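Step one of this worksheet: look at the structure below.
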C-alpha cells in the first residue's frame, strides 16, 4: 500500500490485545520450574530440584543487547481512554467458533469470500462481528481506538476465542447523498486488500461491521489469532463457584495454565483437572462470588521454552449476570488528582506501594541497578511487541529480567511482565492497566515480593487526538504500535505508557527459622500420610542449627557445614547422630529419604539457609537435617 487512496477515505491498521494489555507474555517462576529441555529444573544435591541456570542469559548477553539500537516502531492510531462505554448487542451466548449466519450484505460477503479461500483456517464468526461492531461504534464516537481495558472487555463480552485481536478499518467522509452501496463500491479495493492481509498466517477468526455517524462512515474489520480451541463455554460458574475451561492447543504446547482475577487485588491460579495432557487441557478457575466480572487469562508454553505466552483471555461472570457496560477500574492511587514527585519509575513504585498498602501487602523497594538494566532492555521488548523487532529479543529480555543479575540481594523467586498501554497519560493510568490484567496483578501484587525493577516507562503527556484531515491514507499492519501512514501523512503521536518490570523475592536470614518450621511441618505431613508419628524435635540443637545456617550463608560449603554440625550435635546430645543435606529452589519440591519417612520414631533438628552458586543468578535453599538415635534407657 504505497500510494494514497482516493480522497474521502482512509485505510488503517491497528492492534488490540497486544497493543493494549501487553501485560504478561511471560510467566514467572512457575514457567521456569516446569520448562522442558535445557531450560528446566535439574536435580539438586539431594532431595529436590534447583532452577537450571541455562534458562537465563548471561549478564554479558544482556549487556550486548542493551548496546544495540532497537528497531523503531511505527506510529499508532490515537487511543482514547474513557471511564465508561456501553456495548450493543446482540451478544453470543456461548464461546464457540461457529460460522456467522446472520444478515448478509456486501461487507460480510467480501469477508466470507476471502475466508472460503483459506482452506478452513479462517472463520467468519458472530463473536468477531460483535467485536468489530463495538470497535467501530467507538471509533465513530471518538475517532480513536479504545484503551487496553475496554478492548479486553469487548473481546471478553463478545466471547472472542482469540489469543490476539487486530483490526483494520476503512473510514472517511460519508455525505447523506452517498448511499451504502456507493460507499462499498468506492471502498471495495482497500477493503479486500485489508481482508487479505488480516487473514494471513495461522488459524484465525474474523468479523466485519459498517456504520455511519456525523457525516462519516467506517467499515471495521476484526481479526483474531487462535492459539487454543475451547469447547463451547458459557462463562459463568458451576455449582462449586468455579469456571471450567476445556479444550486443546492449536500450536505445540508443553503446558497450559490459567490465572483469574479475584476482587480488587487478588489473583488465583486455575487448577488443572486430572486426565488432560497437552495438547488437551482442562482447568478449574475459582471465581470470587462477590465480583460482577472477572478476567481470566490462559497461557501456553511451547516446547523447550522458559516463558509462556498468552493463549486466550476470557471474561467470566461470577454472579451469572453479564453486563454490557464497561467501567474503567480505579485504585486509590490512580484516583488521586496528584501523584508523587520523582522520576517516572519512582512515581510508578510510589503509586504501586499505595495500592499494596490498601491490599494489606508490604511495600516493595525500587532496585536502582536492576532498573538500569531494565531501562536498557525494555525498548527491545516494546519493539518486538509492536511487531518491529525480533520475538527472540523479547524472549531474551524477559529471561534476563527473570534472572535479576543486578538485584541487590539474593533472589529466591521472581516474576516479570510488560505493559504497553497506548493513551496512558500518567504512571497511575499505566499502573491501573497493569493491575487490570491477571499476569500484571500476579507480579505487582505478589505477597513475597521485596524489590522491583522498572524500565523504560513514559508518562506525563495526555492522549493525542486524531487529526481532522479528510484526505485518505493507508496504514500498514503493525504490532503494539500500529503502523506508519503511507502517502506522506502521519497520525498525531499518541501518548503511550510502557513499562517492563520485574519483582523479586529475596532470601533473608530472618526467614530461615520460619523456613525450618515449614520443613518440619512437611516432614511431619509426609510421615502422617504413612501412618508414622510426627518427628520429635531436638530443641537443644537449635543454637547449633542457627550457627550452621549462618556459616552456609557466609560461603562455607554445605557438606563441610553438615560434618561440623553433626560433630557438635553428637557432643551436645552424647549419642550417635546422622545427617542429610539438600539444596532446592522451592521447599515444596523437597523429598526426604525413605528411612526418615518409614521409621517408627524420628528425632530431628533442622537448619535452613541459602546460598548462590557461582555462575547462577538465583539463590537456593540449603536444608540440613540432624537425626539422633534414641536416648539411652533411663536417660
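Some points to look at:
- Checking the stated criteria, residue 56 turns out to be over 22 Å from residue 201 (Cα atoms), buried (at least 19 other Cβ atoms within 10 Å of the Cβ) and in contact with a helix residue (DSSP H, G or I) (Cβ under 9 Å, 6 or more places away or on another chain).
- Residue in the stretch 99-106 that is under 28 Å from residue 235 (Cα atoms), surrounded by fewer than 24 Cβ atoms within 10 Å (Cβ to Cβ), modelled with pLDDT under 95 and touching a helix residue (DSSP H, G or I) at 6+ places or on another chain (Cβ under 7 Å) present: yes
- Just one of (1) more than 30 Å from residue 327 (Cβ to Cβ); (2) touching a residue at least 12 places away in the same chain (Cβ under 8 Å); (3) surrounded by fewer than 19 Cβ atoms within 10 Å (Cβ to Cβ) fails for residue 69. It is (2).
- Residues of the stretch 545-559 classified as part of a helix (DSSP H, G or I) and closer than 17 Å to residue 511 by Cα, total: 9
- Scan the stretch 471-522 for residues that are assigned to a loop (DSSP other than H, G, I, E, B), surrounded by fewer than 17 Cβ atoms within 10 Å (Cβ to Cβ) and modelled with pLDDT of 50 or more and the total you get is 1.
- Scanning the stretch 580-602 for residues that are touching a helix residue (DSSP H, G or I) at 6+ places or on another chain (Cβ under 8 Å) and in a strand (DSSP E or B) yields 580, 581, 583.
- Test result for residue 153, surrounded by 23 or more Cβ atoms within 10 Å (Cβ to Cβ) and over 16 Å from residue 110 (Cβ atoms): yes
- Among the candidates 606, 622, the residue that is farther than 22 Å from residue 408 by Cβ, in the same structural domain as residue 564 (by TED's automatic domain parsing) and part of a strand (DSSP E or B) is uniquely 606.
- Strands (runs of 3 or more DSSP E) contained entirely in the stretch 244-306, each with at least 2 residues that are within 16 Å of residue 234 (Cα to Cα) and under 19 Å from the mean Cα position of the chain (by Cα): 280-286, 294-301
- Hey, residue 222 buried (at least 24 other Cβ atoms within 10 Å of the Cβ), in contact with a strand residue (DSSP E or B) (Cβ under 6 Å, 6 or more places away or on another chain) and modelled with pLDDT under 95 or not: no
- Residue identified as over 18 Å from the mean Cα position of the chain (by Cα), part of a helix (DSSP H, G or I) and at pLDDT below 95 among 424, 428, 466, 432: 428
- Residue within the stretch 302-318 that is in contact with a helix residue (DSSP H, G or I) (Cβ under 7 Å, 6 or more places away or on another chain) and without any contact (Cβ under 8 Å) to a residue 60 or more places away in the chain present: no
- So residue 562, is it in a helix (DSSP H, G or I) and closer than 12 Å to residue 604 by Cβ: no
- Only one of the numbered conditions (1) surrounded by fewer than 19 Cβ atoms within 10 Å (Cβ to Cβ); (2) at pLDDT 90 or above is not met by residue 127, and that is (1).
- Any hit, the stretch 178-197, residues being assigned to a strand (DSSP E or B), surrounded by fewer than 24 Cβ atoms within 10 Å (Cβ to Cβ) and touching a residue at least 40 places away in the same chain (Cβ under 8 Å): no
- Residue in the stretch 264-287 that is surrounded by 15 or more Cβ atoms within 10 Å (Cβ to Cβ) and touching a helix residue (DSSP H, G or I) at 6+ places or on another chain (Cβ under 7 Å) present: yes
The values are calculated or read from the model by the stated rules, or taken from the named source; none is laboratory data. Since we're looking at a predicted model, the values are computed, not measured. All Cβ positions, glycine included, derive from the backbone under ideal geometry; neighbour counts span all protein chains shown.
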